[in-house]
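The values are calculated or read from the model by the stated rules, or taken from the named source; none is laboratory data. Everything numeric here is computed off the predicted structure, so don't read it as measured data. Cβ sites come from the backbone with ideal geometry, for glycine too, and all protein chains shown count toward neighbours.
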Amino acid sequence: MGQVSGKAAIVTGGASGIGEACAETLAREGAAVLVTDVDDTLGKGVVERITKVGGKARYLHLDVRDEAAWPGVIAEAEKNFGRLDIMVANAGIGIMAPIETMTLADWQRQQAINLDGVFLSIKHAIPALRRSGGGSIVLMSSIAGLRGAPGLAAYSATKGGVRLLAKSVALEHAADNIRCNSVHPGIIATPIWGKIPTGAMGNMRNAPIDPVERSAAITPLVRVGEAQDIANGVLFLCTETANYMTGQELVIDGGITAGGRPQPRPQ
Ligand code: NAI
């Protein structure tokens, strides 16, 4: 308890899944958290749960693509919490389609939320982090940002972009004591999977996407990841324990990218 006491955080896409777990974890560990999302009902629910158990949190509607809204979000954090120490740029969507048939509109929507949104999160957080004497920026990438993923070309392009964005920001702002790292989850059981329409892969694959089922087959630790597994890594990157870590990739994937196939289990 108290690993981020006295710090103030913004979590984008904090209404659901990994962002929700990040917001709750940071609050449980003593941070004041500004939860932002486009889903106001879910977002307000997260804040209610945090405050009910004595945590400090507020909710603000934010579409991460909306540059005009960003100054107000930073101001809200500084007005209510007095400072900003942590930016978790987590909001994201996954559009699945074969590259051959993907529309330009879908490609651009994917880039706008997952990449433009992360750029804006960083750009607008930096002056406030500097005013606090430094801080931690955590960018939610994916194992799809480390290697290719069929059907997820646009998504993996954004996640690979996020990976290198973290490194450039880390170098640009190390002298400000602002650290920036990327987190690379494997297959995590969150609502994101249910938002991908069945048959999105056309002839490539028509089966419904079941992360639990897929995960057991390809994950050495033989279980689907939980949002909390990722929030634990995000928390670490926001604590003083990680204060010599910047520009790095924290992979939390049950071993998927370690190489090879899962070994048979002893009977
Ligand atoms: P989720 O769908 O449960 O949560 C995403 C949140 O982002 C939702 O609350 C949604 O309303 C919000 N959001 C969507 N568009 C937005 C916008 N324009 N502005 C602000 N908020 C917006 O999904 P999940 O799984 O929690 O995803 C969080 C992040 O983790 C994403 O960046 C995703 O790409 C990444 N990720 C997820 C993995 C998984 O297996 N679940 C694996 C690897 C990465």
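For GLY13, state whether it is in contact (Cβ under 8 Å) with a residue 12 or more places away in the chain and within 15 Å of the chain's Cα centre (by Cα). Yes. Within segment 21-41, count every residue that is surrounded by fewer than 19 Cβ atoms within 10 Å (Cβ to Cβ) and within 12 Å of the ligand (Cβ to nearest atom). Qualifying residue count, segment 21-41: 4. When segment 79-120 is filtered for residues that are surrounded by fewer than 19 Cβ atoms within 10 Å (Cβ to Cβ), more than 16 Å from the ligand (Cβ to nearest atom) and either in contact (Cβ under 8 Å) with a residue 60 or more places away in the chain or closer than 23 Å to ALA231 by Cβ (or both), the ones remaining, listed by number, are ASN80, GLY82, ARG83, PRO98, THR101.
The single condition among (1) modelled with pLDDT under 95; (2) more than 10 Å from the ligand (Cβ to nearest atom); (3) among the aliphatic types (A, V, I, L, M) that ILE137 does not meet is (1). Out of curiosity, is ALA27 among the hydrophobic types (A, V, I, L, M, F, W, C), closer than 16 Å to ASP85 by Cβ, part of a helix (DSSP H, G or I) and touching a residue at least 24 places away in the same chain (Cβ under 8 Å)? Yes; evaluated as a whole, the condition is true for this residue.
ILE99: part of a loop (DSSP other than H, G, I, E, B) and more than 16 Å from the chain's Cα centre (by Cα), yes or no? Answer is yes for this residue.
Of the residues GLY133, GLY72, which single one is over 28 Å from MET245 (Cβ atoms) and small (Gly, Ala, Ser)?
Working: GLY133 fails: over 28 Å from MET245 (Cβ atoms).
Only one candidate qualifies: GLY72.
Scanning segment 2-19 for residues that are part of a loop (DSSP other than H, G, I, E, B) and at negative phi, which turns out farthest from the ligand (Cβ to nearest atom)? Going through the qualifying residues, I end up with SER5. Would you confirm whether any residue within segment 175-195 is in a helix (DSSP H, G or I), out of contact with any strand residue (DSSP E or B) (no Cβ under 8 Å at 6 or more places or on another chain), surrounded by 18 or more Cβ atoms within 10 Å (Cβ to Cβ) and not aromatic (Phe, Trp, Tyr)? Scanning segment 175-195 turns up no residue that is in a helix (DSSP H, G or I), out of contact with any strand residue (DSSP E or B) (no Cβ under 8 Å at 6 or more places or on another chain), surrounded by 18 or more Cβ atoms within 10 Å (Cβ to Cβ) and not aromatic (Phe, Trp, Tyr). Sub-8 Å Cβ pairs linking a first residue in segment 244-256 that is in contact (Cβ under 8 Å) with a residue 12 or more places away in the chain and over 14 Å from LEU164 (Cβ atoms) to a second residue that is assigned to a loop (DSSP other than H, G, I, E, B) and of a type in the set (A, V, I, L, M, F, W, C), at least 6 apart or interchain, are VAL251/LEU146; ASP253/ILE187; GLY254/ILE187; GLY254/LEU221; GLY254/VAL222; GLY255/LEU221; ILE256/ILE187, ordered by first then second residue.
So which of LEU235, LEU250 ends up being among the hydrophobic types (A, V, I, L, M, F, W, C), closer than 27 Å to VAL4 by Cβ, at pLDDT 95 or above and in a strand (DSSP E or B)?
Numbers: LEU235 fails: in a strand (DSSP E or B).
Just one listed residue meets the conditions, LEU250.
Screening segment 140-155 for residues that are farther than 17 Å from ALA91 by Cβ and part of a helix (DSSP H, G or I) and picking the one that is nearest to the ligand (Cβ to nearest atom) gives ILE143. Taking the criterion of being more than 15 Å from the ligand (Cβ to nearest atom), over 19 Å from GLY19 (Cβ atoms) and assigned to a helix (DSSP H, G or I), the residues of segment 44-78 that qualify are PRO71, ALA75, GLU78. All conditions in (1) surrounded by fewer than 16 Cβ atoms within 10 Å (Cβ to Cβ); (2) at pLDDT 85 or above; (3) of a type outside the set (Val, Ile, Thr); (4) within 12 Å of the ligand (Cβ to nearest atom) hold for GLU240, with the sole exception of (4).
Looking at SER121, SER136, SER142, which is the one that is of a type in the set (Ser, Thr, Tyr) and touching a Ser or Thr at 6+ places or on another chain (Cβ under 7 Å)? Unique residue meeting the criteria: SER121.
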